[in-house]
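Engineer: Just dropping this structure here.
The values are calculated or read from the model by the stated rules, or taken from the named source; none is laboratory data. For clarity, every value in this text was computed on a predicted model and none was experimentally measured. Glycine also receives a Cβ, built like all others from the backbone with ideal geometry; neighbour counts cover every protein chain displayed. Each accessible area value is taken on the protein alone, full model and side chains, heavy atoms only, with ligands, DNA and RNA left out. Shrake-Rupley method; radii C 1.70, N 1.55, O 1.52, S 1.80 Å.
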Amino acid sequence: MGISLGRMDVSAAVIATFPYSMHRRKKGVASAMKVIQSVTAALILSLTFCAATMAQESKPKLVVLITNTRIFDGENEKLADGMSVLVEGNKISQIAKSIPAPAGATVIDTNGKVLMPGLSDMHWHVMFNAPAMPVLLTADIGYLTLLAAQSAHDDLMRGFTTVRDVGGNSFAVKRAIDEGLIPGPRIYPSGPMISQSSGHSDNRPRNEPGHETYLEKNHMLAVADGVPEVMTAVRRNLRMGATQIKLAAGGGVSSDYDPLDVTEYTFEELKAAVDVARTWNTYVAVHVNTDAAVRQAIAAGVISIEHGFLMEEGTLKLMADKGVWFSMQPLLNDEDAIYFPPGSANEAKWIEVTDGTDKVIKLAKKYGVKTAFGTDVLFDPALGKKHGKLLAKLKRWYTPYEALKMATYDNAQLVKLCGPRDPYPGEIGVVKEGALADLLLVDGNPLENLDLVADPDKNFVLIMKDGVIYKNTIN
């Protein structure tokens, strides 16, 4: 039967090399030594894996007891006063007025501070937020990945425990975070954003024939034309581990070849992408702004509209009726505007889009459209540091409660639409028993003063993700 070591059976390792050894028997002692070396390597690998598995299984479960706190649970506006929260492993196991401290537990007395769920961003670019445009276009993918890893760490320390990555090759950063190699938020990756030639993902020189750019070769962007190519591109993203699919369905601000009025992809191409995503039990989100392009995307079965700043009232009512999500970003042409060269076509497109922000958000509120919060920070490391400030901008349209609910509970409802593609089973965006332990402790009441989230270094005194404490300045 062989000796069982972890998940590998030693006899299986020997049997696996048997055909090789028979084939090489006549080669003499040298071949025999190779077989022995092969089996020895397999044994060493098995023993190493077994030791790692046993160490993991014997690792004690982390236990944290948070006491004397006021809880914003992500759903309800009223704070629950004088509560205790017990975290065991990566989940909240108990919430009550009083909880006895288990043996060996880390006890944190909050002295009445507000405990809330970790924040999330539904339109974040893990790979694109930190490098300036010249760096993105010229740097090695390894360097860009290192920049993204540092950015992910910083984002977690700003209180963002979950992000939906809607374009870029964030798979390596995600894996490193999941394996505990680096700190960072949970990443729900889309893989490279897919667009048509001359679309939002097309950064090739204008007069060159079609070819893959460096960014395409490294799966940061993807260009696909026609139903067969679109279906293949979607399947490739899913093969890489995409949790949802992102396409460009209309003109973009940062891209050079597509004016805002352009409707990208035909109905048949968009529907093909939606159909493939559905076979994997997930969904499609689209970059889009104009009313006509949004309506075509909805007709094709898209359920997450990213941006949509030029939509008309009837389209927002249609979204509310069909349960389509408005993934919104509080983009304004203010001191935090994304930079484009003065007088450029990109700057003109930016102004046109941001001129629609106020109108479209008010209409979404009027009709009760399902709305998610994101930021779409691009090519600007300084702006990424203002992540919390961008969230605080929601006070222009929403109460602090509405804004915080959107950035916690509501966002979680959208990101979890990936169903079985979800790499992080468990409830997020809430403080409740059984939910994943993503928690922030705020020095002050963010339901009264939303600006507290704009200064996380000062006001977030405890940051926990998945039951692990990454910051604690209260004790």
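Engineer: Counting only protein heavy atoms and a 1.4 Å probe, tell me what percentage of segment 370-475's accessible area is made up of carbon and sulfur.
Structural biologist: Roughly 48 percent, rounded to a whole number.
Engineer: Dipole magnitude of segment 402-475 about its Cα centre, charges +1 at Lys/Arg Cβ and -1 at Asp/Glu Cβ only, in debye to the nearest 20?
Structural biologist: 260 debye
Engineer: Still on this model: What is the projected area of the convex hull of the Cα atoms of segment 101-166, averaged over all directions, in nm²?
Structural biologist: Directional mean of the projected Cα hull area for segment 101-166 stands at 6.9 nm².
Engineer: Taking a probe of 1.4 Å, how large is the accessible area per residue of segment 311-408, in Å²?
Structural biologist: The answer is 40 Å² per residue.
Engineer: Right, something else. Tell me, how many Å apart are the Cα centres for segment 302-334 and for segment 386-415?
Structural biologist: Spelled out, the Cα-based centre of one part sits 16 Å from the other.
Engineer: Enter the accessible area per residue of segment 227-308 (Å², integer; probe 1.4 Å; all protein chains in place).
Structural biologist: 34 Å²
Engineer: In angstroms, what radius of gyration and Dmax does segment 323-475 have, counting Cα atoms only?
Structural biologist: In Å, with Rg to one decimal and Dmax whole: 17.1, 54.
Engineer: Let me ask another. Tell me the mean residue ellipticity at 222 nm calculated for the chain from its helices only (DSSP H runs of n ≥ 4, each -39500 (n - 2.57), averaged over every residue, nearest 500).
Structural biologist: About -10500 deg cm²/dmol.
Engineer: Note down the relative contact order for segment 133-236 as a percent, whole number, built from C-alpha pairs under 8 angstrom at least six residues apart.
Structural biologist: Value for segment 133-236: 24 percent.
Engineer: While we're looking at this one, here's another question. How long is the gain from ASP422 to SER344 if the chain were fully straight, where each residue apart is worth 0.36 nm and the alpha carbon distance is subtracted?
Structural biologist: Full-extension gain reported as 24.0 nm.
Engineer: Quick one, can you get me the convex hull of the C-alpha atoms of the chain expressed as volume per residue in Å³?
Structural biologist: That works out to 182 Å³ per residue.
Engineer: Go through segment 57-105 and name the trypsin sites (Lys or Arg not before Pro) that are in a DSSP coil and have 14 or fewer other Cβ atoms within 10 Å of their Cβ.
Structural biologist: When the trypsin sites (Lys or Arg not before Pro) of segment 57-105 are filtered for loop state and at most 14 Cβ neighbours within 10 Å, LYS61, LYS78, LYS97 remain.
Engineer: In a Debye calculation with equal point scatterers on the alpha-carbon sites of segment 415-475 and no solvent, what is log10 I(q)/I(0) at q = 0.13, 0.18, 0.20 Å⁻¹?
Structural biologist: Values, matching the q order: -0.44, -0.76, -0.86.
Engineer: Normalised by the number of residues in the chain, what is the relative contact order in percent for Cα pairs under 8 Å and 6+ residues apart?
Structural biologist: 17 percent
Engineer: Using the Kirkwood radius over Cα pairs, work out the Stokes-Einstein diffusion coefficient for segment 60-183 at 25 °C and 0.890 mPa s, in µm²/s as a whole number.
Structural biologist: Answer, rounded: 145 µm²/s.
Engineer: Within the chain, which whole H helices from DSSP have a Cα span along their axis of at least 27 Å and a mean Kyte-Doolittle hydropathy of 0.0 or more, if any?
Structural biologist: Qualifying helices, which must be both long enough and hydrophobic enough, are 29-58.
Engineer: Averaging the inverse of every distinct alpha carbon separation and then flipping it gives the Kirkwood radius. What is it for segment 173-270, in angstrom units?
Structural biologist: 14.5 Å
Engineer: Shifting gears a bit: What per residue convex hull volume, in Å³, comes out for segment 337-417 when only alpha-carbon positions are used?
Structural biologist: Spread over its residues, the Cα hull of segment 337-417 gives 119 Å³ apiece.
Engineer: Kindly rank 170-183, 120-133, 307-320, 360-373 from highest to lowest mean number of other beta carbons found within 10 Å of each residue.
Structural biologist: The packing order, highest mean first, is 120-133, 307-320, 360-373, 170-183.
Engineer: For the chain, give the magnitude of the charge dipole about the Cα centre (Cβ charges: +1 Lys/Arg, -1 Asp/Glu; no others), in debye to the nearest 20.
Structural biologist: The dipole magnitude comes to about 1920 debye.
Engineer: Dipole of the chain (Lys/Arg Cβ +1, Asp/Glu Cβ -1, origin at the Cα centre): which of VAL468, ASN333, PRO131 lies farthest to the positive side?
Structural biologist: VAL468
Engineer: Share of segment 116-177's accessible area from carbon and sulfur, percent, 1.4 Å?
Structural biologist: Carbon and sulfur: 66 percent of the exposed surface of segment 116-177.
Engineer: Can you compute the charge dipole magnitude of segment 179-287 about its Cα centre, using +1 on each Lys and Arg Cβ and -1 on each Asp and Glu Cβ, nothing else charged? Give it in debye, rounded to the nearest 20.
Structural biologist: The dipole of segment 179-287 has a size of about 500 debye.
Engineer: Then there's this: For segment 201-246, what is the Kirkwood estimate of the hydrodynamic radius, computed as the reciprocal of the mean inverse distance between distinct Cα atoms, to one decimal in Å?
Structural biologist: 11.5 Å
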